[in-house]
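This report refers to the structure that appears directly beneath it.
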Amino acid sequence: MRSGLFICPLCSHELLATPDGRCLRCAPGHSFDIARQGYVSLLSGSSRRPTGDTAAMTRSRASFLASGLYSPIADALAALVKDQCGSGPSAPPQTAARPLMADLGGGTGWYSSYLLDRLPEFDGVLLDASVAAAKIAARAHPRLSVATADLWQSIPLPDSSCAVTLVVFAPRNPTEIARVLTPGGVCLVVTPQADHLRELRDTFPMLGIDPHKEQRLTEQFADFDSEPAQAVRRQTTFTADDLVSVMSMGPSAFHTSPEAIAALATGHGPMDVTVSVLIHRFVRALPDPAKNQAA
Ligand SMILES: C[S@@+](CC[C@H](N)C(=O)[O-])C[C@H]1O[C@@H](n2cnc3c(N)ncnc32)[C@H](O)[C@@H]1O
Ligand SMILES: [Zn+2]
């Protein structure tokens, strides 16, 4: 785990490892356990803490992503980070450390790991409410540090510490994202388009896609410089196992038992399925030099 990476979710002081390496602690004395799998639990202390995805959903997500069917999304993200950051982050990092990419609601760490392999100059940090996901993510990549955290609260990362933040099908907190990004840093947000997994939605009882998602997103990120979104759209063949995994990992799984999902999928694979998402790019504005001179 990269040292000095996290701040205390209770008082925002820097968290440092205790001499025995079993906890992170801030100067005022709040202490957070490092699990034997290698992630740090920054959820402790909050009374109404979210639990995130269940262990069963997380297993399904890991097995679905391993199929590579979402690799075009990850390839597009890697290309956008390279494009946006060039040979380094768009604004110099505030420390001499390597630029940081934060995967918010990053689940099992599949996207982080895929991107870190292709972006050797970056370190990664992944935050997720799900303990089951954090256990898997903690082992996903040697340059990825992992913590459980509630993204609806303050993000436990220092101000201006991240060159890139990723939000892939996950909750977003734009005020906190603006705080943790370096000026000129970019937030890449992946959202499903109306036709994403259309053939599955036509066949199985899955939750629909909010038709006002794009509008809400633009409103939420109104304080950022917004660059044109990039569409990723493919027709691809899902096996029967892929169908079960993709239905068992998403929000529909909160409403349907794994047995019922498996029964539904019986006899339906392989199936040609549309994968269709938008990658939105929101850049944290650079300080206006004219304003600084006037001040
Ligand atoms: C649809 S999954 C996406 C996971 C990952 N980005 C991916 O695409 O593989 C949404 C993730 O958000 C996490 N999550 C939900 N509510 C959260 C919260 N309040 N704070 C942090 N993570 C949360 C879930 O545990 C889950 O891992
Ligand atoms: Zn503290």
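Looking at segment 233-291, which of its residues are basic (Lys, Arg) and under 16 Å from Leu200 (Cβ atoms)?
Listed by number, the residues that qualify are Arg233, Arg234.
Identify all residues within segment 192-233 that are in contact with a helix residue (DSSP H, G or I) (Cβ under 6 Å, 6 or more places away or on another chain) and modelled with pLDDT under 90; write none if there are none.
Phe204, Met206, Leu207, listed by residue number.
Quick grid of which residues meet (1) surrounded by fewer than 20 Cβ atoms within 10 Å (Cβ to Cβ); (2) over 12 Å from the mean Cα position of the chain (by Cα); (3) at pLDDT below 95:
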| residue | (1), (2), (3) |
| --- | --- |
| Ser154 | yes, yes, yes |
| Leu157 | no, yes, no |
| Ser160 | yes, yes, no |
| Ala163 | no, yes, no |
| Val190 | no, no, no |
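Test each condition in (1) within 16 Å of ligand 2 (Cβ to nearest atom); (2) surrounded by fewer than 19 Cβ atoms within 10 Å (Cβ to Cβ); (3) at pLDDT 95 or above; (4) not hydrophobic (A, V, I, L, M, F, W, C) for Glu176 and report the one that comes out false.
The failed condition is (1).
Name the residue that is farthest from Val186 (Cα to Cα), counting only residues in segment 259-276 that are in contact with a strand residue (DSSP E or B) (Cβ under 9 Å, 6 or more places away or on another chain) and exposed (fewer than 14 other Cβ atoms within 10 Å of the Cβ).
Pro270
When the residues of segment 7-63 are narrowed to those that are farther than 20 Å from Gly107 by Cβ and charged (D, E, K, R), which ends up farthest from ligand 1 (Cβ to nearest atom)?
Out of the qualifying residues, it is Asp20.
Which pairs have Cβ atoms under 7 Å, sit 6 or more apart or on different chains, and link a residue in segment 113-141 that is within 16 Å of Asp83 (Cα to Cα) to one that is of a type in the set (A, V, I, L, M) and not in a strand (DSSP E or B)?
Note: pairs meeting the criteria are Leu115/Ala74; Leu115/Leu77; Leu115/Ala78; Leu115/Val81; Arg118/Ala78; Leu119/Ala78; Leu119/Val81; Phe122/Leu116.
Being part of a loop (DSSP other than H, G, I, E, B) and on the phi > 0 side of the Ramachandran plot narrows it down to one residue among Ser154, Ser160; which is it?
One residue alone meets the criteria, Ser160.
This table checks each residue for (1) modelled with pLDDT of 95 or more; (2) in a strand (DSSP E or B); (3) more than 19 Å from Gly4 (Cβ to Cβ); (4) away from ligand 2 (no atom under 16 Å from the Cβ).
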residue	(1), (2), (3), (4)
Gln94	no, no, no, yes
Arg98	no, no, no, yes
Lys135	yes, no, yes, yes
Val146	yes, yes, no, yes
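Looking at the structure I just gave you, is Ala140 crowded, with 20+ Cβ neighbours inside 10 Å and outside any loop (DSSP other than H, G, I, E, B)?
The answer is no for Ala140.
Step by step: first the residues of segment 1-13, then only those that are part of a loop (DSSP other than H, G, I, E, B) and within 21 Å of the chain's Cα centre (by Cα), then the one that is nearest to ligand 2 (Cβ to nearest atom). Which residue is that?
Among residues in segment 1-13 that are part of a loop (DSSP other than H, G, I, E, B) and within 21 Å of the chain's Cα centre (by Cα), the one nearest to ligand 2 (Cβ to nearest atom) is Cys8.
Give the number of residues within segment 23-75 that are charged (D, E, K, R), closer than 23 Å to Ala140 by Cα and surrounded by fewer than 13 Cβ atoms within 10 Å (Cβ to Cβ).
1
Looking at Ile279, is it surrounded by 12 or more Cβ atoms within 10 Å (Cβ to Cβ) and more than 19 Å from the chain's Cα centre (by Cα)?
Answer is no for this residue.
Would you please list the contacts, defined by Cβ atoms under 6 Å and residues six or more apart or on different chains, that run from a residue in segment 14-35 that is more than 17 Å from Arg2 (Cβ to Cβ) and in a strand (DSSP E or B) to a residue that is modelled with pLDDT of 95 or more and within 11 Å of ligand 2 (Cβ to nearest atom)?
Close Cβ pairs (under 6 Å, with a partner that is modelled with pLDDT of 95 or more and within 11 Å of ligand 2 (Cβ to nearest atom)) amount to Ser31/Arg25.
In segment 4-22, what residues are surrounded by fewer than 21 Cβ atoms within 10 Å (Cβ to Cβ) and of a type in the set (A, V, I, L, M, F, W, C)?
Leu10, Cys11, Leu16, Ala17
The values are calculated or read from the model by the stated rules, or taken from the named source; none is laboratory data. Bear in mind that the values here come from a model prediction, so they are computed numbers and not experimental data. All Cβ positions, glycine included, derive from the backbone under ideal geometry; neighbour counts span all protein chains shown.
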